[in-house]
Amino acid sequence: MNGFLILNPRSGRESPSPEELRAEAERRGIRVHVLEEHDDLEALARGADADILGMAGGDGSLAAVAGVAIECDLPFVCIPFGTRNHFARDLGLDRDDPLRALDAFSGEERRVDVGRVGERLFLNNVSLGLYALLVHRREHHRRRRNALARLRAIVLTLKDRRRWRRFTIDGERVRARLVLVANNDYSLELLSLGERERLDEGLLHLYIPHGFRRITWEERTSTQLEIGSPRPRMRAAIDGEPEHLETPLRFRVDPLALRVLVPRPPE
């Protein structure tokens, strides 16, 4: 099989190095393109002339290449090479071993769901409200090369902790600090989302936290939903990447749309 891997050397991974990952992939006969600053990720994937598309990077770049894989009806390989690698974790990959994940190019196929907001694909979730604000502020200060970008973003967001946002969810008015739409069901932890046991449930899960000291989670499920706002555009974090989206936001799940290759279990 003709495998093609796009490698993002700036995705936040320190070990193995991009050079080590590239060398190992090429040793296995996989063609590798190291992403440059002005490359068009989706155009690279579409022009790959490959039987298998792979991406080594964070969740945001994985989603872009996964979308092309669906469009071209090609199997997709996820190489965990970002900071958090939530999709890789929920696939059952070892996030600390990107080299082992290369085994997926000769692995076995699974079908998993993807979510969409409009036509934009997401693998994990879309956040609205305070977390989206944090992501946007973090990115703004990162672009200014502020070494304390993440800390500054968290501090600024905490100052907004009592500011509620107004949303309409399928026509119902809701006041919340945070709204999160997920592709499949996350385990709920005190202040965050945990792992997903399944990626093929065929459902969107909507989560809204309530309370300050004692956090409780409101949860709803559906196959599609619409979220509006008094503003014509809304900040969002799509798989951890900052975006501005025109309202209303229309979400849906595409069941079993993505063909994912994973390493075969050890004999």
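The values are calculated or read from the model by the stated rules, or taken from the named source; none is laboratory data. Predicted model only: the values in this text are computed from it and were never measured. All Cβ positions, even for glycine, are placed from backbone atoms using ideal geometry, and neighbour counts span all protein chains on display.
The figures follow:
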{"read-out": "Some residue of the stretch 14-25 being polar (S, T, N, Q), surrounded by fewer than 23 Cβ atoms within 10 Å (Cβ to Cβ) and in contact with a helix residue (DSSP H, G or I) (Cβ under 8 Å, 6 or more places away or on another chain)", "value": "no"}
{"read-out": "Where a residue in the stretch 26-53 is surrounded by 12 or more Cβ atoms within 10 Å (Cβ to Cβ) and its partner, wherever it lies, is hydroxyl-bearing (S, T, Y) and not in a loop (DSSP other than H, G, I, E, B), with Cβ under 7 Å and at least six apart", "value": "L41/S61"}
{"read-out": "Residue that is modelled with pLDDT of 95 or more, in a loop (DSSP other than H, G, I, E, B) and loosely packed, with under 14 Cβ neighbours inside 10 Å, where the choices are R198, R213", "value": "R198"}
{"read-out": "Residues satisfying the stated conditions in the stretch 101-126, i.e. in a loop (DSSP other than H, G, I, E, B) and either within 11 Å of V262 (Cα to Cα) or at pLDDT below 95 (or both)", "value": "G107, E119"}
{"read-out": "Lone unmet requirement of (1) without any contact (Cβ under 8 Å) to a residue 60 or more places away in the chain; (2) under 22 Å from F76 (Cα atoms); (3) assigned to a strand (DSSP E or B) for E226", "value": "(2)"}
{"read-out": "Filter pass, D39 being more than 17 Å from the chain's Cα centre (by Cα), on the phi > 0 side of the Ramachandran plot and of a type in the set (D, E)", "value": "no"}
{"read-out": "Of the criteria (1) in contact with a helix residue (DSSP H, G or I) (Cβ under 9 Å, 6 or more places away or on another chain); (2) part of a helix (DSSP H, G or I); (3) aliphatic (A, V, I, L, M), which one I70 fails", "value": "(1)"}
{"read-out": "Test result for G54, assigned to a helix (DSSP H, G or I) and in contact with a strand residue (DSSP E or B) (Cβ under 9 Å, 6 or more places away or on another chain)", "value": "no"}
